[in-house]
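Read through the structure below, which is laid out as structure tokens, and then see the notes.
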Amino acid sequence: MNPRKNIPRAVLGTVVGAALLSVLATLSVVGMQRYDLIDVQESYGEAFKSVGYYWASPIVETGEVLTMPVGILIGFLAQPRVQCAMAKDGLLPPLFGRLDASGNPRVGTFVAGVVLITFATFVEFQVLWNFISLGILLAFNMTNLSLLVVRYGQGSPQLRVGKWRLQLPFVLTLFGLTSFLSALHWQHGAIAPIVATSRSAEAYANYMTSAGVFVAAACSVLMMAVTAILVVNHPTHFEDEDLGDEGKGLFRCPAVPYVPCIAIYFNWLLVVQMPGHTVLMMAGWVLLASIIYLVYGTRHGLAATCTGAL
């Protein structure tokens, strides 16, 4: 048993299994109701009622109420450990890195629990659900970009395009921007066209109606061109030995850069479907995290400590 390889495979299998179950459940709802008649707030219970299975509706609704806290608990179970790791890296106060006699971050768990309970008490569930979903999608995209940085950064960070030499951060930034704009314009210009509900949104809706598809196509071409640059410059010499003893036996993502690039694009397609107020909340959260990092992390982080020691 090699946990360095088995755990990533287990996570991948869990994600695939959860996605498959979600797709099957969605197909069952669409099979009972037209998509435009589905009640977003209570889809499964109302769907059973629409086909005459009134007895099944309360069973499904009760199951949702009972299993939802378990799912949320599992989702936040790792939060104290994440805080502990960040504290050991100097990005959070040492308080969050303290372990009790059993090896558990008791103080960090208590602080995280109080904060989460407070948010859950005073913030509407749908708002929290969208906010958490958006945060997870952004975290996934950061992980995919980090994978590209690690894989390409082991060789030369400069990518060749004919006679030009492009810096890796520039290429990845360009891919992130073009992929986001492509997803945004495909979603609002073709897949689910924007309907103006106010005068302020009318200009945006008119723009998407008149130019959305063309901008989406142009951004898609640029995105594929950047992906081609990554493919052509993919380092063929990257091996486990490049990471030293710590890299031996590690799980290696296959089909790089295709897998992370495709994942980033589909994550953007989900991000652009989020409500505008959720995006603004996430922007505020990212700003707060950046302030904490600039005020505390840059002075106490391991990078700053090592630089100071040198």
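Here Gln83 meets the list (1) out of contact with any helix residue (DSSP H, G or I) (no Cβ under 8 Å at 6 or more places or on another chain); (2) of a type outside the set (Val, Ile, Thr); (3) closer than 28 Å to Val11 by Cα; (4) at pLDDT 80 or above almost entirely, failing just condition (1). Inspect all residues belonging to segment 262-284 and state whether any of them is under 30 Å from Gly97 (Cβ atoms), modelled with pLDDT of 90 or more and not aliphatic (A, V, I, L, M). Scanning segment 262-284, I find at least one residue that is under 30 Å from Gly97 (Cβ atoms), modelled with pLDDT of 90 or more and not aliphatic (A, V, I, L, M), so the answer is yes. For segment 179-219, filtering for residues that are in contact (Cβ under 8 Å) with a residue 60 or more places away in the chain and surrounded by 14 or more Cβ atoms within 10 Å (Cβ to Cβ) leaves 8. The C-beta contact set for segment 254-281 (first residue farther than 14 Å from Ile132 by Cα, second residue at pLDDT 95 or above and among the aromatic types (Phe, Trp, Tyr), distance under 6 angstrom, 6+ apart or interchain) comprises Trp268/Phe180.
Look at Ile132 and say whether it is under 30 Å from Phe76 (Cβ atoms) and touching a Gly at 6+ places or on another chain (Cβ under 8 Å). Judged against the criteria, Ile132 is a match. Here Ala190 passes the criteria (1) of a type in the set (A, V, I, L, M, F, W, C); (2) at pLDDT 90 or above; (3) part of a loop (DSSP other than H, G, I, E, B) except the one numbered (3). Whenever a residue of segment 128-140 is closer than 15 Å to Ile262 by Cα, its partners that are in a helix (DSSP H, G or I), lying with C-beta atoms within less than 6 angstrom and at least six residues away or across chains, give the pairs Leu137/Asn267; Leu137/Leu270; Leu137/Val271; Phe140/Asn267.
The values are calculated or read from the model by the stated rules, or taken from the named source; none is laboratory data. Note that this is a predicted model, so its numbers are computed, not measured. Because the Cβ atoms are built from the backbone with ideal geometry, glycine has one as well, and the counts that use them run over all protein chains shown.
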